[in-house]
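Quick notes on the structure that follows.
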């Protein structure tokens, strides 16, 4: 049912729904949707790149950093020094200028990162 009403009928979300790992292209699209730069992290996982996205927030806001591990299908969000680790990503919904939602189905859960620095998760 959800695939019949997916991105084709929704107002402009771009989605990756192949069920595979994150790709460099998806990571670039995530950064663009959040209005941020994508940087290659100073470390790798098994020789494969890891990416970082730092949200552009006002100077008085708590910093938000998103670390994307394509080979692990994992996203880590740091709100200040507090980490949230979200594993086994199966689908990414991009809402340019608003937010990015990472989904997994087993166990069911989501991680939402908004351009304004708000973060929400449920498992």
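Between residue 25 and residue 57, the modelled label-to-label distance comes to 3.2 nm, taking each label 7 Å out from Cα in the direction of the beta carbon.
Apply 1/(1 + (r/R0)^6) to the Cβ-Cβ distance of residue 37 and residue 71, taking R0 = 35 Å, and write down the FRET efficiency to the nearest 0.05. FRET efficiency, residue 37 to residue 71: 0.95.
All of the numbers you see were taken from the coordinates with simple rules; none came from a lab. None of the values given here were measured: they were computed from a predicted structure. In this analysis, Cβ positions are derived from the backbone assuming ideal geometry, glycine residues included, and neighbour counts consider all displayed protein chains.
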